[in-house]
């Protein structure tokens, strides 16, 4: 609870972004893993949906996706239990059935959706 650190990304988008218990649970300025997963999921889904809509002959003028990641406290600690996508698409003249099919395909095939269903592996090394 007392420790603090920073997060950086290779692209530089995150550059020494504060990360601590307070940024995660007390709304102190900074970021947290759930926020980053939500942003990745929303962005990935939007890109996948854009491609699939265009393949279906639907030309989206605007795709707006927000993701809400749910973090719950359980007996062993915390668990992310859900990532919920809210999607708004502006595509005049689009067929509703084709649109709904495209959203289902995008959700199943977006790499971050797949990641959230993936198995996790790990190598851990203690360095003295």
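Read-outs throughout are calculated quantities, based only on the coordinates presented, and are distinct from any laboratory measurement. Because the structure is a prediction, the values reported are computed rather than measured. Neighbour counts are summed over all protein chains in view; Cβ atoms, including those assigned to glycine, are modelled from backbone coordinates with ideal geometry.
Descriptive notes on the structure:
- Fewest-first ranking of 49, 115, 85, using other Cβ atoms within 10 Å as the exposure measure: 115, 85, 49
- Label separation (residue 101 vs residue 27): 4.5 nm, computed from points 7 Å beyond Cα along the C-beta direction.
- Rg/Rh, computed from the Cα trace of the range 79-128 with Rh as the Kirkwood radius, has the value 1.24.
- Potential lengthening of the chain between residue 14 and residue 114 amounts to 33.6 nm, from the contour at 0.36 nm per residue minus the alpha-carbon distance.
- Degrees, to the nearest 10: 33-55 long Cα axis against longest axis of the chain: 20
- Principal-axis analysis of the Cα atoms of the chain puts helix 96-109 at an angle of about 30° to the longest axis.
- Convex hull volume per residue, computed on the Cα atoms of the range 1-74, equals 126 Å³.
- Hull volume in cubic angstrom per residue (convex hull over the Cα atoms of the chain): 169
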